[in-house]
Amino acid sequence: AVAVLLIITALIGWIHTGMTFAYLPEMSDDKKTLERLNTSFTVIQFTTNVIYIVVVVGIAAGAGWMDDSLATAQLAQSISFVITTAFWGIAWLKLMGPRPAMSQLPRGKHLLTIGFRTIYRTSIDIAKHHRALGWFYGALAFSESATQALLIIITTYSIELLNFSSSEAGVMYLIVLISSVIGCYISELSLRLLSPIRSNQLCIMSMALFTALAAAFVKESRALFYMFASFWGVCGGWKYTIERYLAITIIPKNKDAELMGAYLFFGQILSWLPPLVFTALNEAGISIRISMLSLLIFWFIAVICLQVMGPYENALRQANEAVEDSSLVDNNTAEAVEEPKSKQSSEAPS
């Protein structure tokens, strides 16, 4: 039953995330306002995660389930299902007003397969007409896959090398989440000095540096590992905030839903690869500390992709040109439709 709840929650959760992310670029045309709203959204996301963890741990401790992993997992998933279902209902029924569909399902196509066709067409369009955005999505695919794997790997690291108990691993995860809130504000402050692209690069390089230092120096000290957990949390909050801001500012306004969907897709497309590499190295007898350094390869590729992306101003110009080209096509289409009508009117017998 818990597995079924997990699948249902994950499926509906991705649908809801896709809808909400499509709204982000439409919130405002002012970059300062978008920056503030994006930061607040990310802060709320991490803060509610912290509250959720505290509630689950509190109930599990009160019920005496801290040593029962299965009971704790069932409790966590049940609370997640109830809370998310309630808030989805509020969002869908009260907050998201009616609006016309952005596109129609083509005749003869199926809803279950059209998504794959759309992703393919969108990828081709990005490669041809949105060069900067394409490199950003490439950077996102590599950096996000490594960042997602990092939490799994440091959990394994803490349990196998530092002999963390499940409660101590939970404390580490809580430190990561709390520090992520700080990272959201660091992301906003970084934009006072750097462009979003350079801020993203600095964030990724910082995360890679802290990972390398942790692998080199954390051997027995739990306190030192907790310190690095806070560093990883700061970088994580910084990364998610700056990447969302970068995405919503360089995506053409007439393709918000389509390209924000692509943003979510490319953020997950390589999520299987870093854990696979880490597991293969670990199974080959290589130390966990060395295997963890494999993440640096993915972050390095992401930094290179962001560098090839070019200046932030060029990315903005490409987005604006895409909107202008779309407007020109729409106007020409309208004129082509009106011309036959005018000709028919002039030829009609009086």
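Among the residues making up region 59-76, those that are hydrophobic (A, V, I, L, M, F, W, C) and in a loop (DSSP other than H, G, I, E, B) are 63, 65, 66. When the test is whether a residue is outside any loop (DSSP other than H, G, I, E, B), of a type outside the set (Phe, Trp, Tyr), in contact with a Leu (Cβ under 8 Å, 6 or more places away or on another chain) and over 23 Å from residue 236 (Cα atoms), residue 126 passes it. Number of residues in region 199-258 that are open to solvent by less than 40 Å² (accessible area, probe 1.4 Å) and not in a helix (DSSP H, G or I): the value is 3.
Restricting attention to region 125-182, and to residues there that are open to solvent by 10 Å² or more (accessible area, probe 1.4 Å) and among the aromatic types (Phe, Trp, Tyr), which single residue is farthest from the chain's Cα centre (by Cα)? Restricting to residues being open to solvent by 10 Å² or more (accessible area, probe 1.4 Å) and among the aromatic types (Phe, Trp, Tyr), the top hit is 164.
Residue count for region 278-310 satisfying the condition of being farther than 17 Å from residue 203 by Cα and not aliphatic (A, V, I, L, M): 10. Checking the stated criteria, residue 191 turns out to be open to solvent by 10 Å² or more (accessible area, probe 1.4 Å), modelled with pLDDT under 95 and among the hydrophobic types (A, V, I, L, M, F, W, C).
Suppose we keep only residues that are open to solvent by less than 70 Å² (accessible area, probe 1.4 Å) and among the small types (Gly, Ala, Ser) within region 1-35. Which one would you say is nearest to the chain's Cα centre (by Cα)? Per the stated criteria, the residue is 18. Does residue 57 satisfy the criteria of being hydrophobic (A, V, I, L, M, F, W, C) and in contact (Cβ under 8 Å) with a residue 12 or more places away in the chain? Judged against the criteria, residue 57 is a match. The numbered conditions (1) of a type in the set (A, V, I, L, M, F, W, C); (2) in a helix (DSSP H, G or I); (3) out of contact with any Phe, Trp or Tyr (no Cβ under 7 Å at 6 or more places or on another chain); (4) farther than 15 Å from residue 246 by Cβ are all true for residue 177 except (3).
Scanning region 2-27 for residues that are among the hydroxyl-bearing types (Ser, Thr, Tyr) and at pLDDT 80 or above, we see that the one that is farthest from residue 191 (Cα to Cα) is 17. Out of everything in region 105-116 that is open to solvent by 100 Å² or more (accessible area, probe 1.4 Å) and modelled with pLDDT of 75 or more, what residue ends up being farthest from residue 262 (Cα to Cα)? Out of the qualifying residues, it is 107.
The values are calculated or read from the model by the stated rules, or taken from the named source; none is laboratory data. Fair warning: this is a prediction, and the values are worked out from it, not measured in the lab. Using ideal geometry, Cβ is built from the backbone for each residue, glycine included, and neighbour counts are taken over all protein chains shown. Heavy atoms of the whole protein, side chains included, go into the accessibility calculation; ligands, DNA and RNA do not. Shrake-Rupley method; radii C 1.70, N 1.55, O 1.52, S 1.80 Å.
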